[in-house]
1. Could you state the accessible area per residue of segment 80-119 in Å², with a 1.4 Å probe and every protein chain left in place?
2. Sequence-distant or interchain residues sharing an amide H contact under 5 Å with THR56, placed H: which?
3. Among the listed pairs LYS124/LYS159; LYS99/LYS124; LYS98/LYS159; LYS99/LYS159; LYS110/LYS144; LYS74/LYS99, which have their C-alpha atoms separated by more than 25 angstrom in this model?
4. Work out the FRET efficiency for ALA114 and THR56 from their Cβ-Cβ distance, taking R0 = 30 Å, and round it to the nearest 0.05.
Amino acid sequence: MTNEAASELPMEVEPQVEVEQIEDRTKRMEQEEEDGKSSEEQGVENSGKEGMGRATVGSKTFGSSVEMFDYFFKILHSWPTNLNLNEYEHTMLLELLKKGHLEADRKIGKGVKAFQIRFHPQFKSRCFFLIREDNSVDDFSFRKCINHILPLPENMQIKHDVNKSFRGKAGGRGRGRGRGRAGK
């Protein structure tokens, strides 16, 4: 085996091991969460209280919006970036999009080839991205999808107008509005 072939071998094997470890961890998490649930709990109910109720996404039934949020949050923060998610997580995210996104048909397009976790260029944070069959890429908010299925508690909802008061204003600082050093 040449040096080039030897150096390429670990690069091919290592990501597969990492993916298998992540898949095993995901299956263990799912099994731990499903333990103790009776067959009666498999239905979907919504009690009307914010964050409470039951909903099924894919093969998993969640007891509340917080439980659903925690599940997808763990996926978002446990998988490495720029790697296609496994088939199970693909199915779960596709179902989340179909049930929770207001414009699911537009987001999905002609079909989703893969889901990845990437750093969002605008928000500088981890985000779910879908790769369509035509290789176009789009992001989506799992939080908004969950909130549409079962409303999240107030403190977990997206704040739309956080910086509204500062729009179009300098805020009283910088760019010639401060005291500065006169004449020097």
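1. Ligands and nucleic acids excluded, the result is 54 Å² per residue.
2. Excluding prolines and chain starts, which carry no amide H, the hits are PHE62.
3. LYS99/LYS124
4. 0.80
The values are calculated or read from the model by the stated rules, or taken from the named source; none is laboratory data. The model shown is predicted, which means the values in this text are computed figures rather than measured ones. Please note: Cβ atoms are built from the backbone with ideal geometry, for glycine as well, and neighbour counts cover all protein chains shown. All accessible areas refer to the heavy atoms of the entire protein, side chains included, with ligands and DNA or RNA removed. Shrake-Rupley method; radii C 1.70, N 1.55, O 1.52, S 1.80 Å.
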